[in-house]
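Below is one structure, written out as structure tokens; the observations come after it.
The values are calculated or read from the model by the stated rules, or taken from the named source; none is laboratory data. All values reported here derive from a predicted model rather than from experimental measurement. Cβ placement follows ideal geometry from the backbone for every residue including glycine, while neighbour counts extend to all protein chains displayed. Note: areas computed on protein heavy atoms with side chains; ligands, DNA, RNA excluded. Shrake-Rupley method; radii C 1.70, N 1.55, O 1.52, S 1.80 Å.
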Amino acid sequence: MKDFQNYHPSPPSSTQSNPPQAGGLVDGQGRRISYLRLAITDRCNLRCQYCRPEKGVSFIPHQEILRFEELGRLVAVFCALGINKVRVTGGEPFSRRGCLPFLTRLRKIDGVQHLHITTNGVKTSRYLNELSSIGLNGMNVSLDTLDQKRFWKITRRNYLEAVLQTVHGALAQGIPLKINSVVLEDTRDDEIIQLAGLARDFPITLRFIERMPFSGTMRSEKLENGNLLRRLKRIFPAIEECTATLPTTARIFALPGYKGTLGLIQGYSRLFCETCNKVRITPTGMLKTCLYDNGALDLKSMLRTGAGDHEIREAVVACIHNRFKNGHEAERFSNRETEPSMAMIGG
Ligand code: SF4
């Protein structure tokens, strides 16, 4: 793999080809963009029912996926524009060979102050030592139930033990850990209580997430809007909301006697767009300025038609300036018949 940390498309030092952007990256609503979610693959070793169908999953052809050099170059360009937090996502990032060396090199890019990963935890336990040694700033593990049968029903795979091995391994390594649990229409209260037990016993944040319309299938049933908070308050009447440090996607709650905290991500209600500080790059190099848009800039074409870093920067700045004001507006303009799969976006 080419060492993109020393990748200089033009003059020797990256700061010359990527001089820091005065004032950082700010959108038309005055929101500062400092967080990049980078999806490095659409492949995954699970088949979660709310993310993609069981059958007929067509994966993106390899040549259409951004190469690690291209991903690295884009991270350097975005960091020069003011990005300081990078989250590597997928599909499942560890489904792509070379994920760990890529993370190691990302760590060395000027401007990457916070390096995080979102994983389903199935294979991750084997990389924990290295992830700890590169100083990973945080890991989000997706885990929707601790019930074996339900795990099979939701993910269509039998990997609960492997995921728990990653959770306990990350805790043992002291890697800051959050668990993301999508609450589905048929999620039972006892499952929510069991999951919350992890935040009672360990210093983690267990975040319950509203189901969002990214299942890779035809748009189906009406999704819940705002009921999840009421449900959590019914199950945990003693929860106290903590003052969140903005920008944040999650509302955080404390409970007496808990070592950790509970969180709520209202990704469908979209109540936090006012302080949204993130953009996404999909596995095919599409810049999404909002989870709900259809993609705003084809970075892969720019990379593969010889655009210089300066041109890419200008296009990104212009694109972000025209960002939708919130996820509802973005969805309105998306006019989608079918729901894209979350694995093609990166969450
Ligand atoms: S819905 Fe769009 S604007 Fe709102 S928080 Fe998510 S990404 Fe940001």
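Per residue, the average separation of C-alpha pairs within less than 8 Å and at least 6 apart gives the range 33-345 a relative contact order of 21 percent. Simple rule: put +1 on each Lys or Arg Cβ and -1 on each Asp or Glu Cβ in the chain, find the dipole, and look at Ile239, Asn137, Asn45; the Cα lying farthest toward the positive end is Asn45. Looking at the chain, the DSSP beta bridges with both ends there are about 30 percent antiparallel. Think of each Lys and Arg Cβ as +1 and each Asp and Glu Cβ as -1; about the Cα centre, that makes the dipole of the chain roughly 300 debye. In terms of its Cα atoms, the chain spans 59, 44, 44 Å along the principal axes, sorted from long to short. A simple packing score, the average count of other Cβ atoms within 10 Å per residue, orders the peptides 200-208, 28-36 as 200-208, 28-36, with the highest score first.
Leaving out ligands and nucleic acids, and using a 1.4 Å probe, what accessible area per residue does the chain come to in Å²?
In whole numbers, the chain has 43 Å² accessible per residue.
With contributions of -39500 (n - 2.57) from each DSSP H run of at least four residues, the per-residue ellipticity at 222 nm computed over the chain stands at -8500 deg cm²/dmol. Across the cross-link table entries Lys108/Lys288; Lys233/Lys288; Lys149/Lys259; Lys149/Lys178; Lys108/Lys153; Lys153/Lys178, which are compared at the Cα atoms, the separations over 30 Å belong to Lys233/Lys288; Lys108/Lys153. Between the residues Pro93, Leu146, Leu106, the greatest Cα displacement towards the positive end of the dipole of the range 84-148, with unit charges on the Cβ of Lys, Arg, Asp and Glu, is found for Leu106.
Apolar share of the accessible surface for the range 26-176: 49 percent from carbon plus sulfur atoms, 1.4 Å probe.
Cβ screening of the chain for cysteine pairs under 4.7 Å finds these without a partner: Cys44, Cys79, Cys99, Cys242, Cys273, Cys276, Cys290, Cys319.
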